[in-house]
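Undergrad: Encoded as structure tokens, here's the structure I'll be asking about.
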Amino acid sequence: MRPQKLFFTIIIAVIVALPANAGFLSFPLLPGEPLIRVGLMTNVASVTITTPDTQLVARSPDEPERFLATNRVTVSARAYRPDQIEQFIFEIQNIATSSEADEIAKDVREATGETAIASIDTATNTWRVWIGEPLDSKEEADAFKAKLAENGFPDVAVRTERRTVVSPDAVALSQQVRTAGRSQVRSLIRPTGSSAPTAASADDIVPGLREVIVNGASTEAKYGSLKAVSFGSFDERSNPVRLNGKAYRGKIEVFVNSRGSLTVVNVVPLEEYLLGVVPSELSLPALEAQKAQAVAARTYAVANNNGFATQGFDVRADVWSQVYKGVSIETAMGTRAVRETAGMIATHGKPIMAYYTSTCGGRTENSENVFDHSEPYLRGVECSLEGRRHFEPFMLRTARVPAKLRDEANLELVRLMSMLAVNGFSLAANQMSDEWFEDAPTAGEISNWMNNLAGRFGKTFPNVTANTAKPVELAALLSSFLYTPGAPDTLMSDSDVNYHLAFDDAAEIPLNRRAEIAMLMRDGYFTLRPDLTLQPNRPFSRGKMLRLIRQVLEKQKWMPQLQSGTTRPSADGKLVLRVGRTDRSLTVRPDVFLFRQFGPEMYQVKEAALVGGEEVRYQTDASGAVWYLEIVPTTTPTVAENASPFTNWRETLSAGAVLQRLSRYVRGIGTLYDVNVKTRGYSRRATEIEIIGSNGTKTLKGGRIRSALRLREQLFVIDKRYSGDRVTSYTFTGRGWGHGVGMCQYGAFGLAKMGVKFDDIIRHYYTGVEVTKAY
């Protein structure tokens, strides 16, 4: 919402006592739904107005409705043409003297009872007598001449004269123009009381009057008017009137403006106007967000009157007021949002100035830092809920207890064991720990793990004991999986064996296991302990066993393959992935193995929020539910507005381009040396910049900063590129789009997706307000 005002005429009822929870006491309820005048066009030569109905109906002030007997007219403007009438004047001419003329005049009066006035005819220097009033038709003139002849005056001459007759509308419009001050309206908008011609002279009207010309196929649709003319359908609700093919509810009013062209206005009830505003301003698919938009747009309309009164309407149909696109933009959700909030506005002692902005960049700003006024309800706020509450709707949780570690090296083992567990390897521990990884595996664990490997190699499940974890025992079992029978002894010479067993306690390895262990060492399956020993008769720890199993699986290319994707915000505890232009929702098991990256490492966690944009790797069980999940946090903002494509932006401008833009707002810069942010507001927006030029240092404040630099927002930092000691280019890296004051529209969408209701969205962005039903 841009800080322009709008105007409509409303009748304020008697102030009534409001309930204590109404939020204010000073603002009276409106008696009913007001009309609003939307300026659609302001400088056009002609327009076409149509209806799918049987015919158009035209209306002008103080006139009955005109049924035009056509469903299509063209409306234009032309110079006002007063009526020209022919009058018949009766006179006795060529009288020699004044006394003779007076005598004849007296005789005429006595004989006929008509007026008779003697006057000199300067063209002939003779006298004449005017008889009676001028008549408008030849028939009346002939009859009157005959009557005079019967009364003894057969020599009466009949002279014709053309006269200009100015209409009362022209006189009234002239008076309206003279007294209207700065008004640009040049059609009559007040009743005149009469449409009959008047004898006023051309001197009574202002020059340059133009009239609205209506031209249609029928006789009824061909006329001109000095008044504003509004057009509607015979059945307006079912068949909205169309302007140049585009449908609008209410009526289309056309009048002449001070440029002599046409201004076109849609006169429509406020609630029907909102049907074309809400989806134009906020079409994001969340009902509560659209309801919040409906309340904000309605409030703005009620609070801002007289915005464009001089132009003859209340609001524009673009970003200078509220974007309004008529019937074509209406949606089921937008209509529902308007209907379910009918008459509701935000108040803070009175209707608030309900500014709103597309994308606030994570925080909104105090109004005085952008506009030229401070409002207690237009305070900067975070575009998120407080603390953990903000992430609650996006949270995934698991019943598993996260690992408790001190040794950073065991982080990878937690992931490995978790991944193996969802692929059939036994995990008996309720909580993994350093001690659990350092201990030797149980006979049951060894049996399960070796059986899993045997199955993959197509071998018979082996008989194992707790001693199988000892290297001398494990070597024989793994060799039977990995190598052809007899291969180690056949293919490894004594020299090879000694080469690969060159560690401190190699002599403790029994002769019949040396070739097997040497081959396992060569191929990277067995590893030594930190003290350069194998300790062949000491069981491997769980950690070493798990690393060994990973080596086997990796070398055989049997490691579980994780699926990957990019998230959308989590909903109802489900993993939602972006797939092309659609979303794919996956159920997450209550006992999911859940990991989240912090820095370069993955940590097992109890819960994690998926706000959208995270990269994930996962594995599902047989039913398709997610059983293992790794989350790489998003680098994009996590605020409620994060669905906006304008959350982050960057623009690089040459020093010349920056100077050119700034010079439209700041005069006399000279050669530009530097630009710096001097002060920042609550939201860290630049609220004042200093411009250093050859003519000194100048400043620019508030919303003019964004306007001057023509950036999406004024929430930015500046990086500069130098050539020597001169700045050659400026890179503005910023967030958001819009002025940053009031309700963040993408933020409202995000909050709605989190389950926040429309009235709480309004209260979040407008500090200390109440949502009140005004009519």
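Undergrad: Within segment 719-733, can one find any residue that is open to solvent by 10 Å² or more (accessible area, probe 1.4 Å), under 25 Å from the mean Cα position of the chain (by Cα) and not aromatic (F, W, Y)? First the steps, then the outcome.
TA: Taking segment 719-733 and keeping what is open to solvent by 10 Å² or more (accessible area, probe 1.4 Å), we get 719-729, 731, 733.
Filter once more, so that each one left must be under 25 Å from the mean Cα position of the chain (by Cα): 733.
The next check asks that each one be not aromatic (F, W, Y); those that pass are 733.
Among the residues of segment 719-733, at least one is open to solvent by 10 Å² or more (accessible area, probe 1.4 Å), under 25 Å from the mean Cα position of the chain (by Cα) and not aromatic (F, W, Y), which makes the answer yes.
Undergrad: Regarding segment 745-768, can at least one residue be identified that is open to solvent by 10 Å² or more (accessible area, probe 1.4 Å), under 13 Å from G361 (Cβ atoms) and either of a type in the set (F, W, Y) or part of a strand (DSSP E or B) (or both)?
TA: yes
Undergrad: Moving on to the next point. Restricting attention to segment 673-688, does a residue exist that is in a loop (DSSP other than H, G, I, E, B), free of Cβ contacts under 8 Å to residues at least 12 places away in the same chain and surrounded by fewer than 21 Cβ atoms within 10 Å (Cβ to Cβ)?
TA: Step one: filter segment 673-688 for residues in a loop (DSSP other than H, G, I, E, B), giving 681-685.
Filter once more, so that each one left must be free of Cβ contacts under 8 Å to residues at least 12 places away in the same chain: none.
No, that holds for no residue.
Undergrad: Any residue that is touching a strand residue (DSSP E or B) at 6+ places or on another chain (Cβ under 6 Å), of a type in the set (K, R), open to solvent by 10 Å² or more (accessible area, probe 1.4 Å) and part of a loop (DSSP other than H, G, I, E, B) - is there at least one of those in segment 227-242?
TA: For segment 227-242, residues touching a strand residue (DSSP E or B) at 6+ places or on another chain (Cβ under 6 Å), of a type in the set (K, R), open to solvent by 10 Å² or more (accessible area, probe 1.4 Å) and part of a loop (DSSP other than H, G, I, E, B): absent.
Undergrad: Moving to a separate point now. Could you look through segment 60-119, keep only residues that are aromatic (F, W, Y) and within 30 Å of N244 (Cα to Cα), and pick out the one that is modelled with the lowest pLDDT?
TA: In the first step, residues of segment 60-119 are kept if they are aromatic (F, W, Y); the result is 67, 80, 88, 90.
Then keep just the ones that are within 30 Å of N244 (Cα to Cα); that gives 67, 80.
Numbers: F67: 97, Y80: 94.
So, considering only residues that are aromatic (F, W, Y) and within 30 Å of N244 (Cα to Cα), the one modelled with the lowest pLDDT is Y80.
Undergrad: Would you mind stating whether A337 is crowded, with 18+ Cβ neighbours inside 10 Å, within 21 Å of V741 (Cβ to Cβ) and out of contact with any Cys (no Cβ under 8 Å at 6 or more places or on another chain)?
TA: On the way: crowded, with 18+ Cβ neighbours inside 10 Å: yes; within 21 Å of V741 (Cβ to Cβ): no; out of contact with any Cys (no Cβ under 8 Å at 6 or more places or on another chain): yes.
No; evaluated as a whole, the condition is false for this residue.
Undergrad: What residue, of E630, E713, E641, is assigned to a loop (DSSP other than H, G, I, E, B), within 30 Å of D583 (Cβ to Cβ), of a type in the set (D, E, K, R) and at pLDDT 95 or above?
TA: Values: E630 fails: assigned to a loop (DSSP other than H, G, I, E, B); E641 fails: at pLDDT 95 or above.
Testing whether each residue is assigned to a loop (DSSP other than H, G, I, E, B), within 30 Å of D583 (Cβ to Cβ), of a type in the set (D, E, K, R) and at pLDDT 95 or above leaves just E713.
Undergrad: Another question, if that's okay. State yes or no: is T733 at pLDDT 95 or above, under 25 Å from G612 (Cα atoms) and assigned to a strand (DSSP E or B)?
TA: Numbers: at pLDDT 95 or above: yes; under 25 Å from G612 (Cα atoms): yes; assigned to a strand (DSSP E or B): yes.
So T733 passes the test.
Undergrad: So, one more: When you scan segment 689-698, how many residues do you find that are part of a strand (DSSP E or B) and over 16 Å from L709 (Cβ atoms)? Steps first, answer last, please.
TA: Applying the first criterion (part of a strand (DSSP E or B)) to segment 689-698 yields 689-693, 696-698.
Retained after the next criterion (residues that are over 16 Å from L709 (Cβ atoms)): 696-697.
Of the residues in that region, 2 qualify.
Undergrad: Which number in (1) under 15 Å from R568 (Cα atoms); (2) touching a helix residue (DSSP H, G or I) at 6+ places or on another chain (Cβ under 6 Å) marks the one condition that V639 misses?
TA: The single condition V639 does not satisfy is (2).
Undergrad: When the residues of segment 644-657 are filtered to those that are open to solvent by less than 50 Å² (accessible area, probe 1.4 Å) and touching a residue at least 40 places away in the same chain (Cβ under 8 Å), which remaining residue is farthest from S694 (Cα to Cα)?
TA: Across segment 644-657, the extreme among qualifying residues is S644.
Undergrad: Next question. Does segment 385-393 include one or more residues that are surrounded by fewer than 16 Cβ atoms within 10 Å (Cβ to Cβ), aromatic (F, W, Y) and in contact with a Ser or Thr (Cβ under 9 Å, 6 or more places away or on another chain)? Even if it seems obvious, please write down each step before you answer.
TA: Within segment 385-393, the first condition is being surrounded by fewer than 16 Cβ atoms within 10 Å (Cβ to Cβ), and the residues that meet it are 386-389, 392.
Filter once more, so that each one left must be aromatic (F, W, Y): none.
So far as segment 385-393 goes, no, none of its residues is surrounded by fewer than 16 Cβ atoms within 10 Å (Cβ to Cβ), aromatic (F, W, Y) and in contact with a Ser or Thr (Cβ under 9 Å, 6 or more places away or on another chain).
Undergrad: Taking the conditions exactly as written (in a loop (DSSP other than H, G, I, E, B), of a type outside the set (A, V, I, L, M, F, W, C) and in contact (Cβ under 8 Å) with a residue 24 or more places away in the chain), does S283 satisfy them or not?
TA: Yes: the conditions hold for S283.
Undergrad: Could you please let me know if R406 is surrounded by fewer than 23 Cβ atoms within 10 Å (Cβ to Cβ) and either under 19 Å from the mean Cα position of the chain (by Cα) or assigned to a helix (DSSP H, G or I) (or both)? Even if it seems obvious, please write down each step before you answer.
TA: Values: surrounded by fewer than 23 Cβ atoms within 10 Å (Cβ to Cβ): yes; either under 19 Å from the mean Cα position of the chain (by Cα) or assigned to a helix (DSSP H, G or I) (or both): no.
Against the criterion (surrounded by fewer than 23 Cβ atoms within 10 Å (Cβ to Cβ) and either under 19 Å from the mean Cα position of the chain (by Cα) or assigned to a helix (DSSP H, G or I) (or both)), R406 does not qualify.
Undergrad: Going by what's in this entry, would I49 be described as modelled with pLDDT of 95 or more, hydrophobic (A, V, I, L, M, F, W, C) and either closer than 30 Å to T364 by Cβ or open to solvent by less than 30 Å² (accessible area, probe 1.4 Å) (or both)?
TA: Numbers: modelled with pLDDT of 95 or more: yes; hydrophobic (A, V, I, L, M, F, W, C): yes; either closer than 30 Å to T364 by Cβ or open to solvent by less than 30 Å² (accessible area, probe 1.4 Å) (or both): yes.
For I49, the condition - modelled with pLDDT of 95 or more, hydrophobic (A, V, I, L, M, F, W, C) and either closer than 30 Å to T364 by Cβ or open to solvent by less than 30 Å² (accessible area, probe 1.4 Å) (or both) - is met.
Undergrad: I'd like to verify a number: residues in segment 321-368 that are closer than 17 Å to Y300 by Cβ and part of a strand (DSSP E or B), how many?
TA: Of the residues in that region, 7 qualify.
Undergrad: Evaluate the following for D621: is it more than 15 Å from L396 (Cα to Cα), open to solvent by less than 50 Å² (accessible area, probe 1.4 Å) and charged (D, E, K, R)?
TA: Details: more than 15 Å from L396 (Cα to Cα): yes; open to solvent by less than 50 Å² (accessible area, probe 1.4 Å): yes; charged (D, E, K, R): yes.
Yes; evaluated as a whole, the condition is true for this residue.
Undergrad: Against the conditions (1) over 19 Å from Y355 (Cα atoms); (2) touching a residue at least 24 places away in the same chain (Cβ under 8 Å), where does T299 fall short? Just the number, please.
TA: Just one mismatch for T299, condition (1).
Undergrad: Please state which of the following conditions M417 fails to meet, knowing it meets all the rest: (1) open to solvent by less than 30 Å² (accessible area, probe 1.4 Å); (2) within 15 Å of L548 (Cα to Cα); (3) without any contact (Cβ under 8 Å) to a residue 60 or more places away in the chain.
TA: Answer for M417: the failing condition is (3).
Undergrad: Then there is this: Tally the residues that are aromatic (F, W, Y) and out of contact with any Ser or Thr (no Cβ under 8 Å at 6 or more places or on another chain), restricting the search to segment 339-384.
TA: Going residue by residue through segment 339-384, those that are aromatic (F, W, Y) are 355-356, 371, 377.
Going one step further and asking which of them are out of contact with any Ser or Thr (no Cβ under 8 Å at 6 or more places or on another chain), we end up with 356, 371.
Summing the residues that are aromatic (F, W, Y) and out of contact with any Ser or Thr (no Cβ under 8 Å at 6 or more places or on another chain) in segment 339-384 gives 2.
Undergrad: Now for a different question. I need the strands (runs of 3 or more DSSP E) fully contained in segment 68-142, keeping only those with at least 2 residues that are without any contact (Cβ under 8 Å) to a residue 60 or more places away in the chain, closer than 26 Å to V165 by Cα and open to solvent by less than 90 Å² (accessible area, probe 1.4 Å).
TA: 116-121, 126-135
Undergrad: Is one or more of the residues making up segment 261-277 in a helix (DSSP H, G or I) and under 18 Å from T357 (Cβ atoms)? Before you say what the answer is, go through the steps one by one.
TA: Of the residues in segment 261-277, the ones in a helix (DSSP H, G or I) are 270-277.
Okay, now just the ones that are also under 18 Å from T357 (Cβ atoms), so 277.
The answer is yes, given that some residue of segment 261-277 is in a helix (DSSP H, G or I) and under 18 Å from T357 (Cβ atoms).
Undergrad: Of everything in segment 208-226 that's closer than 20 Å to D169 by Cα and of a type in the set (A, V, I, L, M, F, W, C), which residue is surrounded by the most Cβ atoms within 10 Å (Cβ to Cβ)?
TA: Within segment 208-226, the match that is surrounded by the most Cβ atoms within 10 Å (Cβ to Cβ) is L226.
Undergrad: Turning to a different aspect of this structure: What about R415, is it basic (K, R), in a helix (DSSP H, G or I) and under 23 Å from P539 (Cα atoms)? Before you say what the answer is, go through the steps one by one.
TA: Details: basic (K, R): yes; in a helix (DSSP H, G or I): yes; under 23 Å from P539 (Cα atoms): yes.
So R415 passes the test.
Undergrad: Go over the candidates E630, E641 one by one and state the one that is buried (at least 19 other Cβ atoms within 10 Å of the Cβ) and under 28 Å from the mean Cα position of the chain (by Cα). Give the steps one after another, and end with the answer.
TA: On the way: E630 fails: under 28 Å from the mean Cα position of the chain (by Cα).
On inspection, the qualifying residue turns out to be E641.
The values are calculated or read from the model by the stated rules, or taken from the named source; none is laboratory data. Please read these numbers as outputs of a predicted model, since none were measured by experiment. Ideal geometry is used to build each Cβ from the backbone, glycine not excepted, and the neighbour counts take in all protein chains shown. Heads up: the accessible areas ignore ligands, DNA and RNA and are worked out on the full protein's heavy atoms, side chains in. Shrake-Rupley method; radii C 1.70, N 1.55, O 1.52, S 1.80 Å.
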